[in-house]
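Taking it in order: structure first as structure tokens, then the write-up.
The values are calculated or read from the model by the stated rules, or taken from the named source; none is laboratory data. Computed from a predicted structure; not experimentally measured. As a convention, Cβ positions derive from the backbone with ideal geometry for all residues, glycine included, and neighbour counts pool all protein chains shown. All accessible areas refer to the heavy atoms of the entire protein, side chains included, with ligands and DNA or RNA removed. Shrake-Rupley method; radii C 1.70, N 1.55, O 1.52, S 1.80 Å.
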Amino acid sequence: MDRYCVMGNPVDHSKSPWIHARFAELTGEPVEYGKRLVPMDGFEEGLRAFRAEGGKGCNVTVPFKFEAARLADFRSARAALAGACNVLRFEADGIHGENTDGIGLVADLQRNAGISLGGRDVLLVGAGGAAAGVLGPLLEARPRRIVVANRTVEKAQALVQRHAMLANETYADLQACALHAVRGAFDVVLNATATSMAGTGVPVDAAVLKPGALACDMMYGPAAQGFLDWAREHGAVGRDGLGMLVEQAAEAFQFWRGIRPPSAQVLAELRREMER
Ligand code: ATR
């Protein structure tokens, strides 16, 4: 068996072991996947130890994605732009880093939710690690416009600045603004802030939603409920982050094994499992 794991702090509620076990069963790949709680100051040590034990690679979750990008010997263009890695692969020549959060989100929106991002107006709320991980792939899906809105406007401006070249290449209108300064309405509204986790409510006015807009929170489970209720109350279609979770895992599995597992099936199974 080839060994992989998810490293984070906390990591006890991670669904990744369940998801990757199903991917391994369905593809017949000899993959064994565990989870490792890493002390806050012990990521590098934990990573080296898992590699020395024969691990083939790992997922990285909060709060170590930035450190993972620094420790990787090779970073994909996507990981370099995000400045964060959620997937590492150990090879003879070093540690290869990738970021599959954004392509996972885009895959979920386009394949599972059935919307096309091409030509659409997208509002990305937040400018922390979660937003940084998805902005590049969102631009690559060629929306007409993306507005990044954040409580601290300077962080949104810095994120937009870093993606200016990609926005230029993809002919997207990319802007930054403060949460209260968002103008106009959007086809897709993405919540990449920590507000759901903190239970502090939705940080933008409902006027940002076009009728029938897709409103997606990157959280799932009870943490996403407030956002989903808000979306429904204002005529939008709500979506939680469970699909993104499964799709980023499918992309990670492909990064390790060269084969893409049947993610839509596993997402449906995981939803049933969580509703029990
Ligand atoms: P993550 O890696 O989960 O994105 P982060 O980097 O700490 O975590 O970013 C958290 C995001 O949630 C930021 O966009 C943050 O806004 P600031 O950059 O202004 O801090 C946002 N956020 C957290 N609490 C918030 C709140 N109560 N209202 C609005 N935005 C909030």
Query raised in the report: Taking Ile146, is it modelled with pLDDT of 95 or more, crowded, with 24+ Cβ neighbours inside 10 Å and within 26 Å of Gly235 (Cα to Cα)?
Result: yes
Requested in this report: For residues that are in contact (Cβ under 8 Å) with a residue 60 or more places away in the chain and either part of a strand (DSSP E or B) or open to solvent by 70 Å² or more (accessible area, probe 1.4 Å) (or both), tally how many sit in the stretch 3-40.
Outcome: 3
Query raised in the report: In this structure, is Asp121 farther than 29 Å from Val6 by Cα, modelled with pLDDT of 95 or more, open to solvent by less than 20 Å² (accessible area, probe 1.4 Å) and touching a strand residue (DSSP E or B) at 6+ places or on another chain (Cβ under 9 Å)?
Result: yes
Report task. Could you tell me which numbered condition Ala250 fails, if it satisfies all but one of (1) crowded, with 20+ Cβ neighbours inside 10 Å; (2) over 20 Å from the mean Cα position of the chain (by Cα)? Result -> (2)
Query raised in the report: How many residues does the stretch 172-193 contain that are open to solvent by 30 Å² or more (accessible area, probe 1.4 Å), within 16 Å of the ligand (Cβ to nearest atom) and touching a Leu at 6+ places or on another chain (Cβ under 8 Å)?
Result: 1
Query raised in the report: Among the residues of the stretch 263-275, is there at least one that is in contact with a strand residue (DSSP E or B) (Cβ under 8 Å, 6 or more places away or on another chain) and open to solvent by 10 Å² or more (accessible area, probe 1.4 Å)?
Result: no
Query raised in the report: Counting only residues that are basic (Lys, Arg) and not in a strand (DSSP E or B), which one in the stretch 41-84 is least open to solvent (accessible area, probe 1.4 Å)?
Result: Lys65
Query raised in the report: Quick one: which of Pro211, Pro222 is away from the ligand (no atom under 16 Å from the Cβ), open to solvent by 40 Å² or more (accessible area, probe 1.4 Å) and in contact (Cβ under 8 Å) with a residue 12 or more places away in the chain?
Result: Pro211
Query raised in the report: Does any residue in the stretch 174-193 that is without any contact (Cβ under 8 Å) to a residue 60 or more places away in the chain and assigned to a loop (DSSP other than H, G, I, E, B) come within less than 9 Å, Cβ to Cβ, of a residue that is within 11 Å of the ligand (Cβ to nearest atom) and of a type in the set (A, V, I, L, M) six or more places away or on a different chain, and which pairs are these?
Result: Val182/Val125; Val182/Ala149; Val182/Val204
